[in-house]
Amino acid sequence: MPISRLSRAAALLALASLLIAGLPAAAHFEAEDNWEGLIPETDSTQEVAYATTVYPMIFPHLAGEYTSMPDTFGDCRGSGCSRRHHGIDIMAPKMVPLVAVASGTVGWMHDDQGGNCCAMALRHDDGWESWYIHMNNDTPGTDDGQGWGFAEGIYSGAHVEAGQLIGWVGDSGNAEWTAPHTHFELHDPNGTIINPYESLLAATIIYEPWTASDPAGCDFDADGHHDLVIGVPGEDRGGRTDDGTIVVVDGGEVGPDTSQSALWHQKSPGVQNKPESDDRFGAATTCGDVDGDGYDDLIIGVPGEDLWRADAGALNVLYGSPSGLEAVGTNFWHQKSDGVPAKHNEGDAFGAALATGDFNGDGYADVAVGVPGEILSDLDNAGMVLVFEGHPSGFGVGSIQKWNQQREGTVGTVGADDRFGEALAVGDFNGDGYADLAIAAPGDNGGAGMVMMLYGSQFGLRLVGTEGLIQGVDDLKGAEQAGDAFGASLAAADFDGDGYADLAIGVPGQAVQGNEGAGAVHVVPGGPNGMDRSGDSVITGNATPLPLGAGFALGTALAAAVFTPDGHADLAVGVPGWESGAGAVGVINGSSQGLMEYDATVFTQDSTKILDKVEAGDGFGYWLSSGDFLGLGSAWLVIGSPFEDLSGNADVGAIHVLPGGLGGVSGFGSYYIKQNTTGMPGSNNPGDGFGHLGKVGR
């Protein structure tokens, strides 16, 4: 059995680099040719190929798990060798996850419960096909024949990506009498059945299923359920003001489990440094597997930390483990830490923005840290970004890159109040298998704003291909106007399902139809050469169901995730200025044509099944995040109302968690979480700002 560990990015890069040229799809894909009651052997005259053709693909079992895999392709079956075995039986325990070996479209499926469930065919984008037979048909932990074999979002006609979860190993159909296994077949574009044995031996192993919502959440205990991180940067403790805390809520079988919540701050056991007034611990958060141990780690921004200079800023890093987050080893970092290539100054706000991604494809998450208050050439708030390379020994051990607009080859020029690094987003925009980084400078050119793109490589982020995005420049729509704050928020995901991440850019200061500060969102597609400016689209409240009005600040917050499991990422847009600051959120579904902005769903605190009520100044939608808390492949939307007043206390804050699923985001089954919710630590105090959601995700 192959045992080498490859990063997901490297795996997909290897697959992409080896794709076989496409040919017309075989007709038997539609007709279910030669399929008789799920018997995986066809007649002896069926055209087959015993040659050792090696088709580049991902191994169909997650983590390469199997107990045996004998080459029985072509062996006789039935009386007088009336049938032959035209696949390979990959023996494995029930409920081992099955993933798509290549990107393609789901064809025929057998899913009648209690009968011959479950099997399916996948036509690859290059014309080949893979068949998956004897998928699970039992309720997990039983042999009752009343379960199912397919993952959420797997249906005939659905497009799936290489490595996407499609189901689980079972003993269904005519294999109830034998040990659980996957009968796997490989068909070429002409319909010839190919012996897949050598291809399976050479297949790339992945350890995490592909999902378009990679940036959607954090799993600190690797139990398959994302965990919810809530910042409370305005929390007062021990006579201090705004020293800050975070709350981590475990995901579970019914969603975020508030009875399983943990409170973290700089007086928690093992957390280094000490809390002080105005530290604002938890003002930004992100997660990723920094040390490559299979558990997500949490990076916490403390941008108000005083370190010989007021508001110089710092980070705390908590490490994931089987029991969740732990404060171990060196977990406090700042610009005076060993090896950090930058000086600390008053007001730097190191850690005000955070994002993670594997920029060099080595399998370890790298951490981008925004320092928007950095002084450069005596220019206040010019801004900078530091990128800490992931390392098996943990955060801060690997190399550190420094990026600012003073560097030759970067975009634009340094200016006071540019606030370069105030917003960050990560995605593979050019499809080369390496994560790329979008850095916003929303204060650039009098507050007009700009975004700089840096592309990953085997050497990490580099200047090759660096480009800038500015309204009205190089085919980008709109015009560069002071106060627009282009780039005040960023989100990256593949909205059109073409394999390239797209970039959503919030412009909350944009005037629309004479409404000052109405706000807008640019969506710039990714492509093989980087950003496709010609495909730029602009979302406003003018031609969509999203609200339009002066001061609505549409685009203040963005969150991208797969809320509807159709293979396309969706976009949530915060409109916190709606109705005198009560706030609203629009969710726009992705599709093969991109975001369907005319079909947006708008939520407020008066929407069906969403608790509480619309009140001026709540800021519903001021912060957004997401997570697959059920572990079923659909993200839930998390909406922060950090200025919610509760029990006569101003700006206490609260959050709403709205389930996603086949019907999209809905208020049905939603959560309303406050600090006095059952099981939640902390209490409701004025100015807490509970519901400050950082960029929680990879």
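Some observations on this one:
- Set GLY324, GLY313: member being touching a residue at least 40 places away in the same chain (Cβ under 8 Å) and surrounded by fewer than 24 Cβ atoms within 10 Å (Cβ to Cβ): GLY324
- Selection status of LEU546, in contact (Cβ under 8 Å) with a residue 24 or more places away in the chain and either of a type in the set (Asp, Glu) or part of a strand (DSSP E or B) (or both): no
- First in the range 238-252 and free of Cβ contacts under 8 Å to residues at least 24 places away in the same chain, second anywhere and assigned to a loop (DSSP other than H, G, I, E, B), Cβ under 9 Å, 6 or more apart: GLY239/SER277
- Residue within the range 73-83 that is within 29 Å of the chain's Cα centre (by Cα) and either under 24 Å from PRO565 (Cβ atoms) or open to solvent by 10 Å² or more (accessible area, probe 1.4 Å) (or both) present: no
- For VAL638: the one exception among (1) free of Cβ contacts under 8 Å to residues at least 12 places away in the same chain; (2) open to solvent by less than 20 Å² (accessible area, probe 1.4 Å); (3) among the aliphatic types (A, V, I, L, M): (1)
- Cβ-Cβ contacts under 6 Å between residues 6 or more apart (or on different chains), taken from a first residue in the range 462-484 that is on the phi > 0 side of the Ramachandran plot to a second residue that is open to solvent by 50 Å² or more (accessible area, probe 1.4 Å) and of a type in the set (Asp, Glu), are listed as GLY472/GLU480.
- Restricting attention to the range 505-542, the residues that are in a strand (DSSP E or B) and over 24 Å from TYR434 (Cβ atoms) add up to 10.
- Qualifying residues in the range 393-423 (those that are in a loop (DSSP other than H, G, I, E, B) and among the hydrophobic types (A, V, I, L, M, F, W, C)) - the one least open to solvent (accessible area, probe 1.4 Å): PHE395
- The residues of the range 588-604 that are surrounded by fewer than 24 Cβ atoms within 10 Å (Cβ to Cβ) and on the phi < 0 side of the Ramachandran plot, listed by number, are ASN589, SER591, SER592, GLN593, MET596, GLU597, TYR598, ASP599, ALA600, THR601, VAL602, THR604.
Yes/no per residue for (1) part of a helix (DSSP H, G or I); (2) under 29 Å from ASP223 (Cβ atoms); (3) at pLDDT below 80; (4) out of contact with any Pro (no Cβ under 7 Å at 6 or more places or on another chain):
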{"position": "ALA14", "(1), (2), (3), (4)": "yes, yes, yes, yes"}
{"position": "GLY22", "(1), (2), (3), (4)": "no, no, yes, yes"}
{"position": "ALA26", "(1), (2), (3), (4)": "no, no, yes, no"}
{"position": "ASN34", "(1), (2), (3), (4)": "no, no, yes, yes"}
{"position": "THR45", "(1), (2), (3), (4)": "no, no, yes, yes"}
{"position": "THR53", "(1), (2), (3), (4)": "no, no, yes, yes"}
{"position": "PRO56", "(1), (2), (3), (4)": "no, no, no, yes"}
{"position": "THR72", "(1), (2), (3), (4)": "no, no, no, yes"}
{"position": "LYS94", "(1), (2), (3), (4)": "no, yes, no, no"}
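- The range 297-310, subset open to solvent by 10 Å² or more (accessible area, probe 1.4 Å) and not basic (Lys, Arg), residue nearest to GLY347 (Cα to Cα): ALA310
- From the options ALA63, ALA9, ALA102, residue that is modelled with pLDDT under 85, open to solvent by less than 60 Å² (accessible area, probe 1.4 Å), in contact with a Phe, Trp or Tyr (Cβ under 9 Å, 6 or more places away or on another chain) and under 16 Å from PRO209 (Cβ atoms): ALA9
- Among the residues of the range 641-656, the ones that are open to solvent by less than 20 Å² (accessible area, probe 1.4 Å), on the phi < 0 side of the Ramachandran plot and not aliphatic (A, V, I, L, M) come to 4 in all.
- Of all residues in the range 569-581, those being surrounded by fewer than 24 Cβ atoms within 10 Å (Cβ to Cβ) and within 21 Å of SER537 (Cα to Cα) number 0.
- Test set (1) open to solvent by 20 Å² or more (accessible area, probe 1.4 Å); (2) within 30 Å of ILE439 (Cβ to Cβ) - ALA584 fails condition number: (1)
- Considering residues of the range 131-162 that are surrounded by fewer than 24 Cβ atoms within 10 Å (Cβ to Cβ) and of a type in the set (Ser, Thr, Tyr) only, the residue farthest from HIS110 (Cα to Cα): THR142
- Each residue in the range 454-499 was checked for being part of a loop (DSSP other than H, G, I, E, B) and either in contact with a Ser or Thr (Cβ under 9 Å, 6 or more places away or on another chain) or crowded, with 21+ Cβ neighbours inside 10 Å (or both), and 19 of them qualify.
- Selection from the range 493-512 of residues that are small (Gly, Ala, Ser) and closer than 14 Å to ASP536 by Cα: ALA501, ALA504, GLY506
- For the range 525-538, the set of residues classified as open to solvent by less than 10 Å² (accessible area, probe 1.4 Å) and either within 17 Å of TRP623 (Cα to Cα) or free of Cβ contacts under 8 Å to residues at least 60 places away in the same chain (or both) is empty.
- Sole exception among (1) open to solvent by less than 10 Å² (accessible area, probe 1.4 Å); (2) touching a strand residue (DSSP E or B) at 6+ places or on another chain (Cβ under 6 Å) for GLY373, by number: (2)
- Qualifying residue in the range 424-439 (condition: modelled with pLDDT of 95 or more, open to solvent by 40 Å² or more (accessible area, probe 1.4 Å) and in contact with an Asp or Glu (Cβ under 9 Å, 6 or more places away or on another chain)): no
- Scanning the range 246-265 for residues being modelled with pLDDT of 95 or more and of a type in the set (S, T, N, Q) gives a total of 0.
- The lone criterion from (1) open to solvent by less than 30 Å² (accessible area, probe 1.4 Å); (2) part of a loop (DSSP other than H, G, I, E, B) left unmet by LEU318 is number (2).
- The range 348-368, subset more than 12 Å from VAL426 (Cα to Cα) and either in contact with a Phe, Trp or Tyr (Cβ under 6 Å, 6 or more places away or on another chain) or free of Cβ contacts under 8 Å to residues at least 60 places away in the same chain (or both), residue surrounded by the fewest Cβ atoms within 10 Å (Cβ to Cβ): GLY361
The values are calculated or read from the model by the stated rules, or taken from the named source; none is laboratory data. A quick note: this is a predicted structure, and the numbers were derived from the prediction, not measured. We place every Cβ from the backbone using ideal geometry, glycine too, and count neighbours over all the protein chains shown. Side chains are part of the model used for accessible areas, which takes the heavy atoms of the whole protein and leaves out ligands, DNA and RNA. Shrake-Rupley method; radii C 1.70, N 1.55, O 1.52, S 1.80 Å.
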